[in-house]
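Worksheet: the structure to be examined is printed underneath.
The values are calculated or read from the model by the stated rules, or taken from the named source; none is laboratory data. Please read all numbers here as calculations on a predicted model, not as lab measurements. As a convention, Cβ positions derive from the backbone with ideal geometry for all residues, glycine included, and neighbour counts pool all protein chains shown. The area values use the complete protein model at the heavy-atom level, side chains included, leaving out ligands, DNA and RNA. Shrake-Rupley method; radii C 1.70, N 1.55, O 1.52, S 1.80 Å.
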Amino acid sequence: MTEGDIFKDMGVIPVRRMNRSGRPSPHLSLSFDSHLFSIDTSRSPKGRRQPDAYLITHAHSDHYGKSAMLSADAIATMETARALRIRHERRYEGRTVSAGGSIQVDDLEVAAYSTGHTIGSVAFGWETDSGVRVLVTGDIKNYENLPRCDLLVTEANYGDPWDPACRFEDDIVGFGDAVESGATFGAYAFGKAQRAVSLIRALGCRETVGMDDKSLALTKELLPGYGPFTPMEENGSDLNVVSPWELSRVKSQRKYVLTGRSDLPFPQIRLSDHLDFKGLMRMVEKTSPDAALIYHPEGSRANMMAHHLRELGMASISVSEIKDFF
Ligand SMILES: [Zn+2]
C-alpha cells in the first residue's frame, strides 16, 4: 500500500492552498467527512474555499496566527489568543479552548492537549465519522499529555536522524549556575523568555528580573504569578531576560544567549523549546499512529523524518509531498 492509499483509506486527505504566485501557502489543511480544517495557516482569501476551522497551535509567527486570528473560525487557547493580541496589536476574533478541554466544531468535538512548547501551546485531536483518531501536534517540548492516535500530524524541527545538531540535552545545570551568579540572558520575547522566567523561579530564585518592553508585557500577562519583574533600564539586580538584539544595551559582566541557532557574539546555554530527535521518536512511540504527516518546518528535516519513519515501516509523508491543492 502506498502512502497516498493509506490516507484515502483513513478518509483524511491532506490538501494545500495554492497562492497567486503558484506556490503552496503554509502549512496544510485536512479534508475529512464534510469538514475542512486548516492547520497553522494564513486565512483563505475571499472567493476561495473556506475551512470550518483554523487551528492555531501556538503564537509563534511561523505558525501564521497573525493572519488566522482575524477569522471567527480560528481556534486557539486563551493564552495563545492573548499572546497573539500583544504581539500583533490586533483583536483575536476566533474562539478559545483550554488545554485539557475541548470545543465543538459543528457536530465534532476537538480536544486540546498541552505540548509545553510555549505558554498556551496545544495539540488538537478529534475522531472522524469512521473512527480515525487524528492528532495535530504543532511544536512540542513535552509529549506526556498526548493521546494515542491513528494519524499523527507533527513537527520535525530536530527531526533529521543523521544531523548531530538534532540530538541534545537542555543545560539546566549551566543555566542554574548563571542565574545564581547573576546574568543577562538573551531570549526571544515570546516562548523562550517565559521558559527562562519559569525556570528561574523553579530554581528557587526570587530576585527581580529585568526585561525589555515586549518581553515584559508578554511575561506579565502570561505568567502573572512569576514576578517581580521590572523594565531592564530600572533593574537594580544583575538578573535580566531580554531579546537577543537588546543584549548589547545591557550593562552586565555575564551575558548568554538561550538559543541553539544564534550567531550572536555571546556564549550559549542550551535551553530548547523543542524535543530533540530522540524525543520526537519517543513521542511517535507513545502516540502510536498508523500513519504520519510531517508538516513543520517544511524542508529537509521534515523530509528526512518522514523518510526515517518509512524506513521503520510506518506510512509517512512530509508536507512537501502533498499532491492535492485547492
Ligand atoms: Zn514554535
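How many of the residues making up the stretch 280-307 are of a type in the set (D, E, K, R) and either outside the structural domain of L135 (by TED's automatic domain parsing) or outside any loop (DSSP other than H, G, I, E, B) (or both)? Give the derivation first.
Going residue by residue through the stretch 280-307, those that are of a type in the set (D, E, K, R) are 282, 285-286, 290, 298, 301.
When the remaining residues are screened for being either outside the structural domain of L135 (by TED's automatic domain parsing) or outside any loop (DSSP other than H, G, I, E, B) (or both), the result is 282, 285-286, 301.
Looking only at that region, the number is 4.
Which ones in the stretch 27-63 are within 11 Å of the ligand (Cβ to nearest atom) and closer than 16 Å to V319 by Cα?
D40, D62, H63
Outside any loop (DSSP other than H, G, I, E, B), in contact (Cβ under 8 Å) with a residue 24 or more places away in the chain and among the small types (G, A, S): which single residue out of S38, S44 fits that description? Outline the logic, then answer.
Values: S44 fails: outside any loop (DSSP other than H, G, I, E, B).
Only one candidate passes the filter, namely S38.
Report, by residue number, each residue of the stretch 272-312 that is buried (at least 22 other Cβ atoms within 10 Å of the Cβ), of a type in the set (G, A, S) and within 16 Å of the ligand (Cβ to nearest atom).
Within the stretch 272-312, A302 is the sole residue that qualifies.
Given the residues V132, V105, V97, V136, which is the only one that is among the β-branched types (V, I, T), more than 16 Å from the ligand (Cβ to nearest atom) and out of contact with any helix residue (DSSP H, G or I) (no Cβ under 9 Å at 6 or more places or on another chain)? Outline the logic, then answer.
Details: V132 fails: out of contact with any helix residue (DSSP H, G or I) (no Cβ under 9 Å at 6 or more places or on another chain); V97 fails: out of contact with any helix residue (DSSP H, G or I) (no Cβ under 9 Å at 6 or more places or on another chain); V136 fails: more than 16 Å from the ligand (Cβ to nearest atom).
The conditions single out V105.
Which residues, counting only those in the stretch 150-169, are within 16 Å of the ligand (Cβ to nearest atom) and either at pLDDT below 95 or on the phi > 0 side of the Ramachandran plot (or both)?
The answer is none; no residue qualifies.
Against the definition (within 14 Å of the ligand (Cβ to nearest atom), assigned to a strand (DSSP E or B) and in contact with a strand residue (DSSP E or B) (Cβ under 7 Å, 6 or more places away or on another chain)), how does A123 come out, yes or no?
On the way: within 14 Å of the ligand (Cβ to nearest atom): yes; assigned to a strand (DSSP E or B): yes; in contact with a strand residue (DSSP E or B) (Cβ under 7 Å, 6 or more places away or on another chain): yes.
For A123, the condition - within 14 Å of the ligand (Cβ to nearest atom), assigned to a strand (DSSP E or B) and in contact with a strand residue (DSSP E or B) (Cβ under 7 Å, 6 or more places away or on another chain) - is met.
Go through (1) surrounded by fewer than 23 Cβ atoms within 10 Å (Cβ to Cβ); (2) within 16 Å of the ligand (Cβ to nearest atom) and name the single condition R20 misses.
For R20, the exception is condition (2).
Can you pull out the residues in the stretch 189-211 that are open to solvent by 10 Å² or more (accessible area, probe 1.4 Å) and either out of contact with any helix residue (DSSP H, G or I) (no Cβ under 7 Å at 6 or more places or on another chain) or charged (D, E, K, R) (or both)?
Filtering the stretch 189-211 down to residues open to solvent by 10 Å² or more (accessible area, probe 1.4 Å) leaves 189, 192, 195, 198-199, 201-208.
Passing the criteria: K192, R195, R201, A202, G204, R206, E207, T208.
What's the total number of residues in the stretch 133-149 that are within 17 Å of S288 (Cβ to Cβ) and either crowded, with 20+ Cβ neighbours inside 10 Å or basic (K, R) (or both)? Before you say what the answer is, go through the steps one by one.
Residues of the stretch 133-149 that are within 17 Å of S288 (Cβ to Cβ), as a first pass: 133-137, 140, 143-149.
When the remaining residues are screened for being either crowded, with 20+ Cβ neighbours inside 10 Å or basic (K, R) (or both), the result is 133-137, 140, 143, 146, 148-149.
So the count comes out to 10.
Based on what the data block shows, is A99 open to solvent by less than 20 Å² (accessible area, probe 1.4 Å) and modelled with pLDDT of 95 or more? Don't jump to the end; show me each part of the working.
Values: open to solvent by less than 20 Å² (accessible area, probe 1.4 Å): no; modelled with pLDDT of 95 or more: yes.
Taking the combined requirement at face value, the residue does not satisfy it.
Tell me which residues, restricted to the stretch 150-179, are among the acidic types (D, E) and either touching a Gly at 6+ places or on another chain (Cβ under 7 Å) or open to solvent by less than 30 Å² (accessible area, probe 1.4 Å) (or both). Don't jump to the end; show me each part of the working.
Keep residues of the stretch 150-179 that are among the acidic types (D, E), which gives 150, 155, 160, 163, 169-171, 177.
Matches in the stretch 150-179: D150, E155, D160.
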